[in-house]
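First up is the structure itself, then whatever we jot down about it.
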Amino acid sequence: MMLPVLQIGPLAVQTYPLALLLAGWAALATGARLATRLGIEGDHIYNAGLSGLAAGLVVGRLAHLIAFWPAYRLEPLSIIGLNARAFLPWPGALAGLAVSGYYVYRHRLPLATVLDAAAPGGLLGMAIAQLGAWLAGLEPGAPAGLPWAIAEWGVRRHPVQLYQIVALLAAFGVVLLVLRRQRRQRRPGRAAWSALLGYGVSLWLIEPFRESSATLVAGLRTLQLLGLAAILIALVALRPQPEAKKIMRASERSSDGEPG
């Protein structure tokens with residue numbers, strides 16, 4: 001199924017930019033709601049997120065302009081054109097994170113708690129963005145003869161965007177459970193690391209089903225290696241600390257009726 005343009009009366013709306021807008025709104029709204037539960041004003045999530053988003057869009061657009069300047073020079077009007085794909089994601093993402101991080105630092109917000117609040121919304125937003133990519137036929141999967149393969153660009157392919165949506169929503173649910181348990185145990189940061197773990201697993205497992213992406217070593221794709229790095233970092237961060245182990249053992253002895 002491809003629906004790159006949604007026709008609403010005389011208005012033609014591109015589904016991918018619309019999905020990106022919905023993804024940003026869902027991420028911020030979810031993060032603000034969770035932040036309130038964690039003792040942080042929800043407006044801080046909106047302010048940090050929107051300032052980071054603005055910086056990311058500007059830097060991502062400028063990076064695309066610099067990288068593809070020969071093409072822009074031939075068509076100067078395209079410099080001010082509205083194209084949802086005329087951005088370089090990595091420079092934009094780094095700039096957005098830097099600006100959002102500075103906001104958190106300037107307002108002296110607890111970083112781990114902010115990340116815990118923002119992580120579930122980030123996963124939900126990425127799932128909505130993947131839905132837009134599926135409707136627009138972006139980032140298609142590799143050809144496949146499986147019963148659940150879908151027709152994209154005249155070829156039956158892995159519905160890789162749907163794979164990613166399922167993985168992200170599963171990670172979203174797990175992180176919400178971790179966050180609920182974490183609030184009782186007062187261990188900030190675990191929800192954010194769990195989100196990174198889930199996202200890393202999704203990249204490692206799903207990236208090979210895409211039609212094409214950059215390859216680095218031994219046939220492994222760039223995003224696969226990034227996913228593996230995310231998995232390893234998250235596992236190290238989530239490992240039980242010695243103090244936590246002592247507390248857990250004491251709690252188990254207490255629950256068994258043994259003296260502490």
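Quick notes
- In a residue-by-residue description of segment 126-141, the property of being at pLDDT below 95, in contact with a strand residue (DSSP E or B) (Cβ under 7 Å, 6 or more places away or on another chain), assigned to a loop (DSSP other than H, G, I, E, B) and aliphatic (A, V, I, L, M) applies to no position.
- Any helices (runs of 4 or more DSSP H) falling wholly within segment 1-111 and containing at least 2 residues that are aromatic (Phe, Trp, Tyr) and either out of contact with any Leu (no Cβ under 7 Å at 6 or more places or on another chain) or closer than 24 Å to LEU162 by Cα (or both): 15-37, 89-106
- Restricting TYR102, TYR72 to those that are at pLDDT 95 or above and of a type in the set (Ser, Thr, Tyr) reduces the list to TYR102.
- Of all the criteria given as (1) in contact with a helix residue (DSSP H, G or I) (Cβ under 9 Å, 6 or more places away or on another chain); (2) modelled with pLDDT under 90; (3) of a type outside the set (Gly, Ala, Ser), the one not satisfied by LEU109 is (2).
- Subset of segment 42-71 (residues that are free of Cβ contacts under 8 Å to residues at least 60 places away in the same chain, more than 19 Å from LEU22 (Cα to Cα) and touching a helix residue (DSSP H, G or I) at 6+ places or on another chain (Cβ under 7 Å)): VAL59, GLY60, ALA63, LEU65
- Test result for LEU6, loosely packed, with under 15 Cβ neighbours inside 10 Å and either closer than 26 Å to ARG157 by Cα or touching a residue at least 24 places away in the same chain (Cβ under 8 Å) (or both): yes
- TYR199 vs. criteria at pLDDT 90 or above, touching a strand residue (DSSP E or B) at 6+ places or on another chain (Cβ under 9 Å) and either of a type in the set (Ser, Thr, Tyr) or over 21 Å from TRP90 (Cα atoms) (or both): no
- Condition met for ARG33 (more than 19 Å from LEU196 (Cα to Cα), charged (D, E, K, R) and over 19 Å from the mean Cα position of the chain (by Cα)): no
- Leading residue by the ranking (farthest from LEU115 (Cα to Cα)) among those in segment 151-196 that are aromatic (Phe, Trp, Tyr) and modelled with pLDDT of 95 or more: TYR163
- Within the option set ARG85, ARG73, ARG37, being closer than 28 Å to ALA151 by Cα, exposed (fewer than 15 other Cβ atoms within 10 Å of the Cβ) and of a type in the set (D, E, K, R) holds for one residue only, ARG85.
- With respect to the conditions (1) crowded, with 21+ Cβ neighbours inside 10 Å; (2) charged (D, E, K, R); (3) in contact with a strand residue (DSSP E or B) (Cβ under 7 Å, 6 or more places away or on another chain), ARG156 lacks only one, and its number is (1).
The values are calculated or read from the model by the stated rules, or taken from the named source; none is laboratory data. What you are looking at is a predicted structure, and each value in this text was computed from that prediction instead of being measured. Heads up, the Cβs are rebuilt from the backbone with ideal geometry, glycines too, and the neighbour counts pull from every protein chain shown.
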